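Here you go, one structure.
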Number of protein chains: 2
Amino acid sequence: MQNPESPKYQQQKQAAIRAAAAVFARKGFHGASTTDIASEMGIKQGSLYYYFKSKEEALAEVCLYGIRDYVQRMEEIARDDAPFEVRLLATVRSHLSSYREKNEALKVHNDERLYLPEIKRIKLKQLGSHYRELLEGIFEQGVRDGALREDLDCHFAAQSVIGICNAWGELIVRDPRLDVEQVITKVNDLLLRGLAPMGAKA
Amino acid sequence: MQNPESPKYQQQKQAAIRAAAAVFARKGFHGASTTDIASEMGIKQGSLYYYFKSKEEALAEVCLYGIRDYVQRMEEIARDDAPFEVRLLATVRSHLSSYREKNEALKVHNDERLYLPEIKRIKLKQLGSHYRELLEGIFEQGVRDGALREDLDCHFAAQSVIGICNAWGELIVRDPRLDVEQVITKVNDLLLRGLAPMGAKA
DNA sequence: TAAACATTCTATAAAACTATAGAATACGCG
DNA sequence: CGCGTATTCTATAGTTTTATAGAATGTTTA
């Protein structure tokens, strides 16, 4: 057993999660065989079970790995009270920059809903909801500060941000020529204008 | 063989496509077994091959079925030259209202990219591109008419509309309590404000 | 160096899945 | 009704896949 949680083990486990993330993202959960994942990290199929008890556990680990520091960054943004515009930009940036950089771990979240053991699924759902609630809180603060129009549906706004960021995240991953920084600017701009109070400045 | 293309055959084929669409949407291409699809429409696994030569062909049919009248409605919108605001609303409505109504055929498009035979994939890509180009054209017209800001990146705008509509489409399907008409209004509003010229009216 | 432990490999059992063939049943029409 | 065709069923061959067991190899440390 991997009792000492040795550095090598940790490192390889990380590699296993990354490999699984990449292959799941490319082929989907069922499309990815354990053979694929193993060979992605340069070991044989059977050896993969040294790191994961099952294929589903691999998926669970990938999902949690993908969302965790994601939520963490959102918490930081929510914590220090900058003006709304700054927070929104930080959110969009956090969401979109990680999409390409932090490999494909996030693309899996369509599958996660389906094939995860109950407990893990709940855990993930909590993290996802937590993320959305943090974002909603930022919008509520924005309304209070007058940076957003008063009748704004903050839940709608938060969902829209997540939705549009995910959509552009996909496009960014799919098309390497896209300039991430530029996309971030434009998405931020679109949202800012779309949610601004009636007679806002440019 | 199904020589006469009898009404019953047509009807059952339609049912088969719908069933496949539903199961693919729920479980993804590889997650869906032919047994699942068959039992979804109330027949046995082997019988499915009376309607599809292979599982991949089923996917192809589902994808084409999903996107066709979609593109067609976009063509209508692009054809009669209404003011930009009307066209945008029509687009958002077409996109979102079909999402729940026209079952799950559209959700599959992540898989399609991966598992489709080359020819079908190209066909689909063409349809998708065509759709986006029509939308881009509408934006370009909107800029010319002064309804949109001059420096608007129409490609970006079109992608964003598609992205946000898809995102909300998913939410609509997943949560039956959501009021589609209300979502349409809000999404349209967000986009309209986000893309409007600098000193626009409410 | 040798013992103890960690990591990977090979081989395989058991299950699931696609696709086909041929039998069985349902349907429409003279 | 009864013939011909359309549709569905059963059974199965042939793959592919997950997961496990035990052997083989690497690595650390005393």
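Give the residue that is farthest from DNA strand C (Cβ to nearest atom), with candidates limited to residues of the range A:48-59 that are among the hydroxyl-bearing types (Ser, Thr, Tyr) and not in a loop (DSSP other than H, G, I, E, B).
A:49
Does residue B:5 meet the test of being out of contact with any Cys (no Cβ under 8 Å at 6 or more places or on another chain), part of a loop (DSSP other than H, G, I, E, B) and either farther than 30 Å from residue B:184 by Cβ or near DNA strand C (Cβ under 10 Å from one of its atoms) (or both)?
Here the answer is yes, as residue B:5 does meet what is asked.
Another one. Residues B:55, B:13: which one is within 13 Å of DNA strand D (Cβ to nearest atom) and within 14 Å of another protein chain (Cβ to nearest Cβ)?
From the options B:55, B:13, the qualifying one is B:55.
Go through the range A:20-51 and report how many residues are exposed (fewer than 15 other Cβ atoms within 10 Å of the Cβ) and within 23 Å of residue A:169 (Cα to Cα).
Residues flagged as exposed (fewer than 15 other Cβ atoms within 10 Å of the Cβ) and within 23 Å of residue A:169 (Cα to Cα) within the range A:20-51 amount to 1.
May I ask you to list the residues in the range A:28-50 that are more than 7 Å from DNA strand D (Cβ to nearest atom) and under 21 Å from residue A:121 (Cβ atoms)?
A:28, A:29, A:30, A:31, A:37
Does residue A:72 satisfy the criteria of being within 24 Å of the chain's Cα centre (by Cα) and within 14 Å of DNA strand D (Cβ to nearest atom)?
Here the answer is no, as residue A:72 does not meet what is asked.
Now for a separate question. Since residue B:63 meets every condition but one in (1) outside any helix (DSSP H, G or I); (2) more than 9 Å from DNA strand C (Cβ to nearest atom); (3) surrounded by 14 or more Cβ atoms within 10 Å (Cβ to Cβ), which condition does it not meet?
(1)
Kindly indicate whether residue B:82 is within 14 Å of chain A (Cβ to nearest Cβ), at pLDDT 90 or above and either farther than 19 Å from residue B:158 by Cβ or not in a helix (DSSP H, G or I) (or both).
No.
Sticking with this one: Within the range A:1-19, take every residue that is surrounded by fewer than 19 Cβ atoms within 10 Å (Cβ to Cβ) and small (Gly, Ala, Ser) and give me the one that is farthest from the chain's Cα centre (by Cα).
A:6
Identify all residues within the range B:20-52 that are among the hydrophobic types (A, V, I, L, M, F, W, C) and either within 17 Å of the chain's Cα centre (by Cα) or within 20 Å of residue A:33 (Cα to Cα) (or both); write none if there are none.
B:20, B:21, B:22, B:23, B:24, B:25, B:29, B:32
So, in the range B:148-165, exactly how many residues are among the hydrophobic types (A, V, I, L, M, F, W, C) and out of contact with any Leu (no Cβ under 9 Å at 6 or more places or on another chain)?
Result for the range B:148-165: 0.
Can you tell me which condition residue B:191 does not meet? The list is (1) surrounded by fewer than 20 Cβ atoms within 10 Å (Cβ to Cβ); (2) within 16 Å of residue A:192 (Cβ to Cβ), and all the others hold.
Exception for residue B:191: condition (1).
Here is a follow-up. Considering only the range A:132-153, how many residues are within 12 Å of another protein chain (Cβ to nearest Cβ) and either modelled with pLDDT of 95 or more or touching a Phe, Trp or Tyr at 6+ places or on another chain (Cβ under 7 Å) (or both)?
Total satisfying the criteria: 3.
Scan the range B:163-179 for residues that are more than 10 Å from every other protein chain (Cβ to nearest Cβ), surrounded by fewer than 17 Cβ atoms within 10 Å (Cβ to Cβ) and assigned to a helix (DSSP H, G or I) and jot them down.
B:173, the sole residue that qualifies.
Check whether at least one residue in the range A:86-101 is at pLDDT 90 or above, surrounded by fewer than 17 Cβ atoms within 10 Å (Cβ to Cβ) and within 28 Å of residue A:149 (Cα to Cα), and report yes or no.
Within the range A:86-101 (the criterion being at pLDDT 90 or above, surrounded by fewer than 17 Cβ atoms within 10 Å (Cβ to Cβ) and within 28 Å of residue A:149 (Cα to Cα)), the answer is yes, since at least one residue qualifies.
Determine which member of the set A:160, A:129 is under 20 Å from the mean Cα position of the chain (by Cα), under 22 Å from residue B:187 (Cα atoms), polar (S, T, N, Q) and away from chain B (no Cβ under 12 Å).
Exactly one of A:160, A:129 is under 20 Å from the mean Cα position of the chain (by Cα), under 22 Å from residue B:187 (Cα atoms), polar (S, T, N, Q) and away from chain B (no Cβ under 12 Å), namely A:129.
So that you can scan it fast, the table gives a plain yes or no per residue for (1) touching a Phe, Trp or Tyr at 6+ places or on another chain (Cβ under 6 Å); (2) small (Gly, Ala, Ser); (3) not in a helix (DSSP H, G or I):
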{"residue": "B:15", "(1), (2), (3)": "no, yes, no"}
{"residue": "B:19", "(1), (2), (3)": "no, yes, no"}
{"residue": "B:24", "(1), (2), (3)": "no, no, no"}
{"residue": "B:29", "(1), (2), (3)": "yes, no, yes"}
{"residue": "B:35", "(1), (2), (3)": "no, no, no"}
{"residue": "B:38", "(1), (2), (3)": "no, yes, no"}
{"residue": "B:46", "(1), (2), (3)": "no, yes, no"}
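Give the residue, chosen from A:49, A:65, that is away from every other protein chain (no Cβ under 14 Å), over 30 Å from residue A:154 (Cβ atoms) and of a type in the set (Ser, Thr, Tyr).
It is A:49.
The values are calculated or read from the model by the stated rules, or taken from the named source; none is laboratory data. Everything numeric in this text was worked out from a predicted model, so none of it was measured. Heads up, the Cβs are rebuilt from the backbone with ideal geometry, glycines too, and the neighbour counts pull from every protein chain shown.
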